[in-house]
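Colleague: Here you go, one structure.
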Amino acid sequence: MSHLTDKIAIVTGAGRGIGAAVAEAYAHEGATVVVSDIDGDAAAAVAARLPHGATSLACDVRVEQQVEALVAHATERHGGLDVLVANAGIAPRPASIVDTDHEAWRRVLDVNLDGAYLGIKHAAPAMIAGGGGSIVTMASVTGLAGVPLGASYAASKAAVVSLTKTAALELRDHGVRVNAICPGFIGTDMVAAIAEPYSTALGTDLGALLDHGQGRMGEIQDLVPLAVWLASDATPFTTGGSFVVDGGLTASML
């Protein structure tokens, strides 16, 4: 029996990268997945290749009405909601705090933090109505320790970790589990886009730093099994956790 048979799941930011891989894994584990992305065409392309009646919906997670409509799509089209993966996120170009434009700061917080908050706000009541569920937020190891030249990203992910813990406490008695995944540096398009600017800004090769700190660049499949496990019924007593997947990056001082 598959781990997510008959579950209804929403994955945001699922038009590519980690989100797409999680959506694919969930579908192949038996879930009906609503693939969501601000790029509706990308979301539709992912949904089209998934089994179990997957659908897609364009959604800007910064806009509450769109997030509310996303949850309504799942409940009205598929009959309920069991799992939310709040994965949508963006990363800024490297800049010191004093050089960070306030508008750019707000954009990162709006997507990474507000998107997770709005997802939890609207998904939780639907899950409670169905008897419970699992919410997985996509945080980062940068939310557990500072990262130079990435203050807005680190701050947003630290806030997601705290939001996750608070939501876990508030929703525990309603049968809704809430956990965060904290990846290290994973070889996504987003990381590839900032690798060169970071190397330039830091005056050293980011790839060499990662090889030393976490052994290698992480792969998306390094964290997908954890996302499946947290969504499954195998984790009834697991809530409020922050699960690090970083090859040991945050375990060492040197």
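The values are calculated or read from the model by the stated rules, or taken from the named source; none is laboratory data. Note that the structure is a prediction, hence the values are computed from the model and not measured. Heads up, the Cβs are rebuilt from the backbone with ideal geometry, glycines too, and the neighbour counts pull from every protein chain shown. Heads up: the accessible areas ignore ligands, DNA and RNA and are worked out on the full protein's heavy atoms, side chains in. Shrake-Rupley method; radii C 1.70, N 1.55, O 1.52, S 1.80 Å.
Colleague: Which condition breaks for Ala9 when tested against (1) more than 14 Å from the chain's Cα centre (by Cα); (2) buried (at least 16 other Cβ atoms within 10 Å of the Cβ)?
Modeller: It is condition (1) that Ala9 fails.
Colleague: Now for a separate question. Is it true that some residue in the stretch 176-187 is assigned to a helix (DSSP H, G or I) and over 14 Å from the mean Cα position of the chain (by Cα)?
Modeller: Filtering the stretch 176-187 down to residues assigned to a helix (DSSP H, G or I) leaves none.
Checked the stretch 176-187: no residue is assigned to a helix (DSSP H, G or I) and over 14 Å from the mean Cα position of the chain (by Cα).
Colleague: Just for helices (runs of 4 or more DSSP H) wholly inside the stretch 1-83: which have at least 2 residues that are closer than 21 Å to Ala116 by Cα and among the polar types (S, T, N, Q)?
Modeller: Details: elements: 17-28, 40-48, 64-78.
So the answer is 64-78.
A quick yes/no check of all residues on (1) of a type in the set (S, T, N, Q); (2) part of a loop (DSSP other than H, G, I, E, B); (3) open to solvent by 10 Å² or more (accessible area, probe 1.4 Å):
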{"site": "Ala124", "(1), (2), (3)": "no, no, no"}
{"site": "Ile135", "(1), (2), (3)": "no, no, no"}
{"site": "Gly146", "(1), (2), (3)": "no, yes, yes"}
{"site": "Tyr153", "(1), (2), (3)": "no, no, yes"}
{"site": "Ser156", "(1), (2), (3)": "yes, no, no"}
{"site": "Leu163", "(1), (2), (3)": "no, no, yes"}
{"site": "Thr166", "(1), (2), (3)": "yes, no, yes"}
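Colleague: Evaluate the stretch 89-101: report whether one residue or more is open to solvent by less than 20 Å² (accessible area, probe 1.4 Å) and outside any helix (DSSP H, G or I).
Modeller: First, the residues of the stretch 89-101 that are open to solvent by less than 20 Å² (accessible area, probe 1.4 Å): none.
No; the residues of the stretch 89-101 include none that is open to solvent by less than 20 Å² (accessible area, probe 1.4 Å) and outside any helix (DSSP H, G or I).
Colleague: Name the pairs: first residue in the stretch 83-111 and closer than 13 Å to Arg62 by Cβ, second residue of a type in the set (D, E, K, R) and part of a helix (DSSP H, G or I), Cβ to Cβ under 8 Å, at least 6 apart or on different chains?
Modeller: Here the result reads Ile90/Arg107, each pair linking the stretch 83-111 to a residue that is of a type in the set (D, E, K, R) and part of a helix (DSSP H, G or I).
Colleague: Do you know which residues across the stretch 218-237 are in a helix (DSSP H, G or I) and open to solvent by 70 Å² or more (accessible area, probe 1.4 Å)? Quick ask: steps written out before the conclusion?
Modeller: Let us first name the residues in the stretch 218-237 that are in a helix (DSSP H, G or I), namely 220-222, 224-231.
Across the stretch 218-237, the qualifying residues are Gln221, Pro225, Trp229.
Colleague: For residues that are under 17 Å from Gly248 (Cβ atoms) and in a loop (DSSP other than H, G, I, E, B), scanning just the stretch 188-217, find the one that is least open to solvent (accessible area, probe 1.4 Å).
Modeller: The extreme case among them is Gly215.
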